[in-house]
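K.L.:
Once you've had a glance at the structure underneath, I'll fire off some questions.
The values are calculated or read from the model by the stated rules, or taken from the named source; none is laboratory data. These numbers come from a predicted model, not from an experiment. Here Cβ is always computed from backbone atoms with ideal geometry, including for glycine, and neighbour counts include all displayed protein chains.
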Amino acid sequence: MNFLLIGQSVEDHIYGIGPEAVKPGGIFYTVAALLKLMEASDNLHLCTAMQKERLNLFSPVYDSIDKRYFDFINEIPRITLTLYKDKERDETYQNLSLGINLTIDNYSGYDGIFINMITGYDITLETLKRIRKAYSGLIYMDVHSLARKESAEDNTRRHKLIDNFAEWAECLNVIQVNRNELYTLSAKDKEEEIAESVLTRDNQYLVVTKEDKGAVLYYKENSVLKTVTQSALRVPVNNMIGCGDVFGAAFFYFFNKGKDAASALEYAVKASGFMVSYSSLEQLENLKKDVLSPIS
């Protein structure tokens, strides 16, 4: 199968829990996880913006992928992440780009397209509409920072109601949000009502990740809203970075393979749980084996 990933590569500066660190971030974790889940016959193309001087930071993963759709720019975004044990992390942003320059002429050869809105500016609504018009296959989007607005005072970005999200949703088959981002999709204030308003047709899915509470899948069957709930793994917490990105990669991959959303949800929750338990990026080598192994 052939997959296309679209999303910004960023330089993460991490504070708060553990030693301060500079690490590759953004779409990096989605790519890393998908590469470990794929079979030898699968192919992956990444459309991202990259700074030549920082390419070495991403080399553990990017060295093994085709760079034909890399958009080389002067500076990639820098994100400062302050982590907390008891609440969602704080994020401040520098060098936000105006979006990735997509140079793809033909989308028809892809079995699935994954869009991760790392900065919120990765692509525009107009670009998504052009992709949807040219492509009839699966489009998966992690809402991510599309749900955040900028603060001119301190460079922080806090959650906001997304303008015209119904138009975004109309172009998508699977929408991923965390439990805070969910409330940026609609002015409604109840989870089921938001899902009802976002999902306008059958064969469309909303996935809500809930950290240690697992995840919930919403979909419509004969115009009736249905849900599937998946509990989280009980694992030691050794990592808090990239878990939602690994979740998305796993759901996207296994849904593409089997077209069974409930099974994809189970695999995705397992994948993100193992990512929480890994103490180093090298342990991603175990991801596929861990995800496919029965839980004892």
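K.L.:
List every residue pair whose Cβ atoms sit under 8 Å apart, with the two residues 6 or more apart in sequence or on different chains, where the first one lies in the range 14-36 and is under 15 Å from ASP142 (Cα atoms) and the second, anywhere, is of a type in the set (Lys, Arg) and in a loop (DSSP other than H, G, I, E, B).
P.N.:
none
K.L.:
Out of (1) at positive phi; (2) charged (D, E, K, R); (3) in contact with a Cys (Cβ under 6 Å, 6 or more places away or on another chain), what's the single condition that is false for ARG132?
P.N.:
ARG132 satisfies every listed condition except (1).
K.L.:
Does the range 76-98 include one or more residues that are of a type in the set (Gly, Ala, Ser) and modelled with pLDDT of 95 or more?
P.N.:
There is no residue in the range 76-98 that is of a type in the set (Gly, Ala, Ser) and modelled with pLDDT of 95 or more.
K.L.:
Between THR92, THR80, which is among the polar types (S, T, N, Q), touching a strand residue (DSSP E or B) at 6+ places or on another chain (Cβ under 6 Å) and within 16 Å of GLY242 (Cα to Cα)?
P.N.:
Matching residue, one of THR92, THR80: THR80.
K.L.:
Pull up the range 193-221, narrow it to residues that are under 14 Å from GLU266 (Cα atoms) and in contact (Cβ under 8 Å) with a residue 40 or more places away in the chain, then point me to the one that is surrounded by the fewest Cβ atoms within 10 Å (Cβ to Cβ).
P.N.:
Residue satisfying both the conditions and the ranking: GLY214.
K.L.:
Please note which helices (runs of 4 or more DSSP H) are completely contained in the range 182-280 and include at least 3 residues that are under 15 Å from the mean Cα position of the chain (by Cα) and either within 25 Å of ARG158 (Cβ to Cβ) or at pLDDT 95 or above (or both).
P.N.:
Per the criteria, 243-258, 261-277.
K.L.:
If you don't mind, there's one more thing I want to ask. Out of the range 126-147, which residues are out of contact with any Phe, Trp or Tyr (no Cβ under 6 Å at 6 or more places or on another chain), touching a residue at least 12 places away in the same chain (Cβ under 8 Å), in a helix (DSSP H, G or I) and of a type outside the set (Val, Ile, Thr)?
P.N.:
LEU128, LYS129, ARG132, HIS144, SER145, LEU146, ALA147
K.L.:
Then there is this: Among the residues of the range 72-83, is there at least one that is without any contact (Cβ under 8 Å) to a residue 12 or more places away in the chain and assigned to a loop (DSSP other than H, G, I, E, B)?
P.N.:
no
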